[in-house]
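The values are calculated or read from the model by the stated rules, or taken from the named source; none is laboratory data. Just so it is clear, the model here is predicted, and its values are computed rather than measured. Glycine gets a Cβ as well: all are built from the backbone with ideal geometry, and neighbour counts include every protein chain shown. Keep in mind that these areas ignore ligands, DNA and RNA; they rest on the heavy atoms of the full protein, side chains included. Shrake-Rupley method; radii C 1.70, N 1.55, O 1.52, S 1.80 Å.
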Amino acid sequence: MSQQEIFYDVYVSYPPKMDRERIDSCIRDNLSEEEAEDLITALAEHPQAIIAEHCTNAERENAQHYFSYLGLD
């Protein structure tokens, strides 16, 4: 019997006590205009925003590193 692969949903949030304007600026500098505004709006409306669904562990880790680079948890 083969082992079934596990999939993940990936969420991001602002770290506590961080300058959200600085993080938003970094998001705008590194994502397309539409993606950046969608993400910033989602984070303004909810403490966490989903950025990817049904990801492999490798995809999850890649997203974690990239969005950490942008200043998000």
(Q) Please go through region 43-68 and give me each residue that is in contact (Cβ under 8 Å) with a residue 12 or more places away in the chain and under 20 Å from K17 (Cβ atoms), ordered by number. (A) L43, P47, Q48, A49, F67
Q: For residues that are more than 12 Å from G71 (Cβ to Cβ) and of a type in the set (D, E, K, R), scanning just region 2-27, find the one that is modelled with the lowest pLDDT.
A: E5
(Q) Consider region 1-41. How many of its residues are open to solvent by less than 100 Å² (accessible area, probe 1.4 Å) and in a loop (DSSP other than H, G, I, E, B)? (A) 8
Q | Residues satisfying the stated conditions in region 1-27, i.e. over 22 Å from E61 (Cα atoms) and charged (D, E, K, R) | A | K17, D19, R20, E21, R22
Q | First in region 13-37 and farther than 16 Å from Q48 by Cβ, second anywhere and at pLDDT 95 or above and open to solvent by 90 Å² or more (accessible area, probe 1.4 Å), Cβ under 6 Å, 6 or more apart | A | A36/R28
Q. For region 64-73, which residues satisfy the criterion of being surrounded by 16 or more Cβ atoms within 10 Å (Cβ to Cβ) and either on the phi > 0 side of the Ramachandran plot or assigned to a loop (DSSP other than H, G, I, E, B) (or both)?
A. L70, G71, L72
**Q.** Residue list for region 42-63, filter: under 13 Å from Y14 (Cα atoms), in a helix (DSSP H, G or I) and open to solvent by 100 Å² or more (accessible area, probe 1.4 Å)
**A.** E45
